[in-house]
Structure formats: C-alpha cells, structure tokens
1. Of the residues that sit in the stretch 37-88 and are of a type in the set (S, T, N, Q) and part of a helix (DSSP H, G or I), which one is nearest to Leu13 (Cα to Cα)?
2. In the stretch 114-133, how many residues are aliphatic (A, V, I, L, M) and part of a loop (DSSP other than H, G, I, E, B)?
3. Select, from Leu138, Leu164, Leu148, Leu169, the only residue that is exposed (fewer than 14 other Cβ atoms within 10 Å of the Cβ) and not acidic (Asp, Glu).
4. Just to be sure, is Ala156 of a type outside the set (D, E, K, R), closer than 25 Å to Val26 by Cβ, surrounded by 11 or more Cβ atoms within 10 Å (Cβ to Cβ) and at pLDDT 85 or above?
5. Kindly indicate whether Pro88 is surrounded by fewer than 13 Cβ atoms within 10 Å (Cβ to Cβ) and not assigned by TED's automatic domain parsing to the domain that holds Met137.
6. Which number in (1) over 17 Å from Ile9 (Cα atoms); (2) surrounded by 12 or more Cβ atoms within 10 Å (Cβ to Cβ) marks the one condition that Lys117 misses?
Amino acid sequence: MDYCFDDKIDVKLIALFIINNFKMPVPNSFIVDTLALEPFVNYFDLQEQISELESEEFVTYYTEDTDKFYTLTEKGSQALSFFSDRIPKTVRERLLRTIKIKIKDLKNALSVKAEYKKVNDIEYSVSLGISEGHYDMLSVTLAVGDELMAKKICAAFKNDPQTLYSEFLAILTKNI
C-alpha cells in the first residue's frame with residue numbers, strides 16, 4: 001500500500017521520525033533524500049512543516065555552508081514518543097530501511113579519528129574527532145590516567161561516533 005501524507009501533523013511527525021532516527025544532526029538534504037526514496041510527503045509540504053517545527057522549537061539546527069543540520073529538542077522527542085503510532089508501522093519500517101542506507105552514505109562521507117598517546121608516566125592524551133571534508137564537526141582532546149582507559153575511550157568512539165556526537169551536542173545545548 002502506498003501512502004501520501006498531506007496532513008500538517010502527519011508531515012511534522014514524519015520529519016521528527018526521520019531526524020530522530022539518524023541519531024545525529026541530520027542535514028536537510030538527507031531528510032529530503034530519504035523522502036525522495038520513500039515519497040510519502042510532498043517536498044514543499046515537508047519544507048513548510050520543518051520551518052514550523054523550528055519556530056515551535058521541536059527541532060534545533062545549525063547551518064553549515066548552505067545546509068541546515070537538524071536535531072530534536074526535548075519537546076520534539078516527547079511529541080514523537082507520544083504520537084509516533086500515528087505513522088503506520090509499514091511507513092516507519094520503510095523509512096528506517098531508507099535511513100539505514102542514508103546513514104551508511106553519511107558515514108562514508110565522514111572521517112572519524114580516535115587516537116591516544118602517552119604524555120608521561122601517569123597520563124595519556126586521547127584525541128577524538130569527526131570531520132566532513134575539510135570541516136571539523138568535533139575535535140576534542142582528553143587527558144586520562146592510564147592506557148587501558150585511553151584504549152576503551154577510542155574503541156567506544158570508533159564504534160558509534162554518531163551517537164556520541166549527538167549526545168555531546170545535546171548536553172551542550174540542553175539549557176540554550
């Protein structure tokens with residue numbers, strides 16, 4: 001069964017669902033691409049509702065070059081958790097499959113760095129970073145007390161950099 005959503009609330013929920021399931025700031029172009037592969041929503045309706053989600057503070061964004069990168073606010077997460085069942089299960093499953101493909105594309109475009117080095121007898125320096133092309137999305141250096149901890153931090157970061165980046169950004173923007 002093919003679906004076409006034009007109700008404003010449904011379009012907003014689909015946008016929130018997509019943004020939430022990327023688990024990291026998602027460029028507007030990836031939201032559009034996701035819905036190009038699974039055309040449940042008209043492009044113009046989507047852009048209008050994303051603008052409303054911004055003004056209603058369900059999403060937050062930052063601009064890089066010409067693209068906006070979206071994340072859900074707490075308000076957006078709550079709305080999605082209350083009303084996600086309004087999106088049919090088959091639509092959610094199709095979107096999740098498409099999002100998985102787009103995340104692979106995004107991972108291929110991203111460069112992830114997780115390295116450590118010994119500073120002295122009691123300290124190690126851990127450098128973590130995510131870059132896209134020539135743009136550093138995240139660059140952080142931590143001081144840790146032993147090599148085992150340094151290795152574990154690097155492994156955890158390499159294993160799931162998108163989630164850690166998203167959580168880091170959420171903590172930094174929580175009270176903004």
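The values are calculated or read from the model by the stated rules, or taken from the named source; none is laboratory data. Just so it is clear, the model here is predicted, and its values are computed rather than measured. All Cβ positions, even for glycine, are placed from backbone atoms using ideal geometry, and neighbour counts span all protein chains on display.
1. Ranking the candidates gives Ser84 first.
2. 1
3. On inspection, the qualifying residue turns out to be Leu148.
4. yes
5. Working: surrounded by fewer than 13 Cβ atoms within 10 Å (Cβ to Cβ): no; not assigned by TED's automatic domain parsing to the domain that holds Met137: yes.
In short, no.
6. Every condition holds for Lys117 apart from (2).
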